[in-house]
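Here's the structure, in structure tokens; my notes come after.
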Amino acid sequence: MRYSTIVLLTADKQIIQAAHEVLVAENDCRLITCESEREAFGVLADVDCELLICSDDMLEDPSDNLLINSRIKYPSIPRILIASEVSTKASPELASRAAAFMYLIKPIRATQLEIVVKRALEISELSKRHRLLSRELKLSIDDNIFQTTKSEDIKSPWSRFEKLIYVSPKMDELCALARQAAATEIPILIQGETGTGKELMARAVHYNSSRKNSPLHVQNCGGFPDDVLHSELFGHVEGAYAGALSSRLGLFRASDGGTIFLDEISEVSPAFQVSLLRFLQEGEVKPLGSDKTLFSDVRVIAASNRPLEKLVKQGKFRQDLYYRLKGFQLDIPPLRQRLEDVPALATHFLERTSEVSGRHILGIAMDALKRLSRHNYPGNVRELQMEINRCVAVAGDDSYILTRHLSQSIANIDLDEEAPADFEVDGATLKEMVESLEKHLVSKALERHRWNQKRAADQLGLSRVGIANKIKRYKLKEI
Ligand SMILES: Nc1ncnc2c1ncn2[C@@H]1O[C@H](COP(=O)(O)OP(=O)(O)OP(=O)(O)O)[C@@H](O)[C@H]1O
Ligand SMILES: [Mg+2]
């Protein structure tokens, strides 16, 4: 139960207090409270949640609501329904339709809540293990076509930072830094090519920060004229410009106490950069057409797919603003530089897509997976996700995703291409020849394991320090 993430949809202060008492204070759970179904839907999409608790008075439509829809979209998250009265017939019906784990009636006692939550989490953990074991069993039965040469790629559960899935050391390091950044109030700059997961990262940071129960607002800064962007972020007063019929609060004030995600920050004009700088320095918000200066306490996370440092050097982005934004800088590597994430991501997307679309695909055949792991993904993780979605659409039920289901460019990848080229030993003396062979073997092992030094070291029977020394000695570099 410790560190479990629980989403609670209620406006009932007594329930919120009881939940804080037993779940947060006594059991170290992460509790995210929501006051509308819409907000709760957003949270479920962003966080790695383990339990959903809803008050029935928060569910607007008895036949189409969060509880029923989450059963379809997130079947592995158990649901608890809290009903207002014993006499209402609608709630037991709803509980049964949504396959709720438990149906509780107000008033809720803290101890009762604790027991039910514990049981729900235990059962959810058991069914998670059951799913994993079934998959392992299926993999071992179908070994002839789905043989996992490196079984740890598929079987071991991957690491997650909310909805970000990864196994690569690069992402591991980055997510560790992101967790540290989340615990502070410092602005964060997330950089990376398109589709690398910048928005996913921003959302993960917000829900791991102390602001998780306050709103996260997203503003795309690209392609808007200054006055529109100003009005969106800083608000405006009535009559500020032709067509401003009523006043507007603006996202900076609407996000007071929460987080704002400024996407495509590199696209803002020099004049707007000044307004942003003032906001970051002083928290100052001056609505368009107003002479009053207001203040707001908002954590800023910005993202860019163009490196800001370069733009600063070219004089296209203010240096002072760049330094303000990059309290923490998180550079997400392109997928081609962490291809070891591909099997985990592909398997995850396959499971998600099959679950949501109700399709039954058995898995990804080894040949297809190998090809997927050699592609260079200019569209990064988004491209891989689309590829898997497409494969699920074209593969038949109860079959594997095979090479012929992949798009042409990936299906055409030649798996033999990397077959070891003939190697000629170099050097005049035996020592030089042995060294040239050693350099070749170390370099090949590193290439084979995509510069995962631990795996290459394991293959060669070296320690991590041992391989690091060889890399240094032979001046080997990742290409
Ligand atoms: N590590 C990951 N694990 C799971 N899904 C991921 C991961 N990285 C990216 N995705 C998925 O890939 C898609 C693109 O991610 P996201 O929108 O966060 O990228 P982005 O960097 O903001 O892209 P853009 O620059 O084009 O806006 C999303 O559907 C997201 O869920
Ligand atoms: Mg984005």
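Within the set 435, 447, the sole residue that is part of a helix (DSSP H, G or I) and under 23 Å from residue 171 (Cβ atoms) turns out to be 447.
The rows are residues; the columns are (1) within 16 Å of ligand 2 (Cβ to nearest atom); (2) modelled with pLDDT under 95; (3) assigned to a helix (DSSP H, G or I); (4) open to solvent by 40 Å² or more (accessible area, probe 1.4 Å).
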site: 189; (1), (2), (3), (4): yes, no, no, no
site: 199; (1), (2), (3), (4): yes, no, yes, yes
site: 204; (1), (2), (3), (4): yes, no, yes, no
site: 219; (1), (2), (3), (4): yes, no, no, no
site: 243; (1), (2), (3), (4): no, yes, no, yes
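Residue-level analysis places residue 320 outside the set of residues that are closer than 21 Å to residue 179 by Cα, in a helix (DSSP H, G or I) and either out of contact with any His (no Cβ under 7 Å at 6 or more places or on another chain) or within 16 Å of ligand 1 (Cβ to nearest atom) (or both). With respect to the conditions (1) in contact with a His (Cβ under 6 Å, 6 or more places away or on another chain); (2) within 16 Å of ligand 1 (Cβ to nearest atom); (3) among the polar types (S, T, N, Q), residue 255 falls short on a single one, namely (2).
Hey, does the range 81-90 have a residue that's of a type in the set (A, V, I, L, M, F, W, C), open to solvent by less than 20 Å² (accessible area, probe 1.4 Å), closer than 30 Å to residue 217 by Cα and assigned by TED's automatic domain parsing to the domain that holds residue 121? Before the answer, list the steps.
Going through the range 81-90, the residues of a type in the set (A, V, I, L, M, F, W, C) turn out to be 81-83, 86, 90.
Checking the rest, the ones that are also open to solvent by less than 20 Å² (accessible area, probe 1.4 Å) come to 81-83.
In the following step, the residues that additionally are closer than 30 Å to residue 217 by Cα were identified as 81-82.
Filter again for assigned by TED's automatic domain parsing to the domain that holds residue 121, leaving 81-82.
There is at least one residue in the range 81-90 that is of a type in the set (A, V, I, L, M, F, W, C), open to solvent by less than 20 Å² (accessible area, probe 1.4 Å), closer than 30 Å to residue 217 by Cα and assigned by TED's automatic domain parsing to the domain that holds residue 121.
For the range 243-267, which residues satisfy the criterion of being over 26 Å from residue 318 (Cα atoms) and under 24 Å from the mean Cα position of the chain (by Cα)? Steps first, please.
Step one: of the range 243-267, the residues over 26 Å from residue 318 (Cα atoms) are 243-249, 254, 257.
The answer is 257, and nothing else.
Condition first: part of a loop (DSSP other than H, G, I, E, B) and in contact with a strand residue (DSSP E or B) (Cβ under 9 Å, 6 or more places away or on another chain). Can you find one or more residues in the range 269-282 that meet it? Scanning the range 269-282, I find no residue that is part of a loop (DSSP other than H, G, I, E, B) and in contact with a strand residue (DSSP E or B) (Cβ under 9 Å, 6 or more places away or on another chain), so the answer is no.
Going through the range 248-268 one residue at a time, which ones are open to solvent by 20 Å² or more (accessible area, probe 1.4 Å) and either in a helix (DSSP H, G or I) or not assigned by TED's automatic domain parsing to the domain that holds residue 308 (or both)? Please lay out each step first, then the result.
Residues of the range 248-268 open to solvent by 20 Å² or more (accessible area, probe 1.4 Å): 248-249, 251, 253-254, 256-257, 263-264, 267.
Correct list: 251, 253, 254, 267.
Yes/no per residue for (1) within 15 Å of ligand 1 (Cβ to nearest atom); (2) touching a residue at least 24 places away in the same chain (Cβ under 8 Å); (3) over 20 Å from residue 280 (Cα atoms); (4) touching a Phe, Trp or Tyr at 6+ places or on another chain (Cβ under 6 Å):
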| residue | (1), (2), (3), (4) |
| --- | --- |
| 170 | yes, yes, yes, no |
| 182 | no, yes, no, no |
| 185 | no, yes, no, no |
| 188 | yes, yes, no, yes |
| 193 | yes, yes, yes, no |
| 196 | yes, yes, yes, no |
| 201 | yes, yes, yes, no |
| 206 | yes, yes, no, no |
| 209 | no, yes, no, no |
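Residues of the range 283-305 that are in contact with a Phe, Trp or Tyr (Cβ under 8 Å, 6 or more places away or on another chain) and either in a loop (DSSP other than H, G, I, E, B) or more than 27 Å from residue 332 (Cβ to Cβ) (or both): 283, 284, 285, 286, 287, 288, 289, 296, 298.
Listed here are the residues, each with its yes/no results for (1) open to solvent by 40 Å² or more (accessible area, probe 1.4 Å); (2) away from ligand 2 (no atom under 16 Å from the Cβ); (3) among the acidic types (Asp, Glu).
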| residue | (1), (2), (3) |
| --- | --- |
| 361 | no, yes, no |
| 367 | yes, yes, yes |
| 390 | yes, yes, no |
| 408 | yes, yes, no |
| 414 | yes, yes, yes |
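Kindly provide the set of residues from the range 325-353 that are in contact with a helix residue (DSSP H, G or I) (Cβ under 6 Å, 6 or more places away or on another chain) and without any contact (Cβ under 8 Å) to a residue 60 or more places away in the chain, ordered by number. Correct list: 342, 346, 349, 350, 353.
The values are calculated or read from the model by the stated rules, or taken from the named source; none is laboratory data. Predicted model only: the values in this text are computed from it and were never measured. Note that we place each Cβ from the backbone using ideal geometry, even for glycine, and neighbour counts take in every protein chain shown. Areas reflect the complete protein model, heavy atoms only, side chains present, ligands, DNA and RNA absent. Shrake-Rupley method; radii C 1.70, N 1.55, O 1.52, S 1.80 Å.
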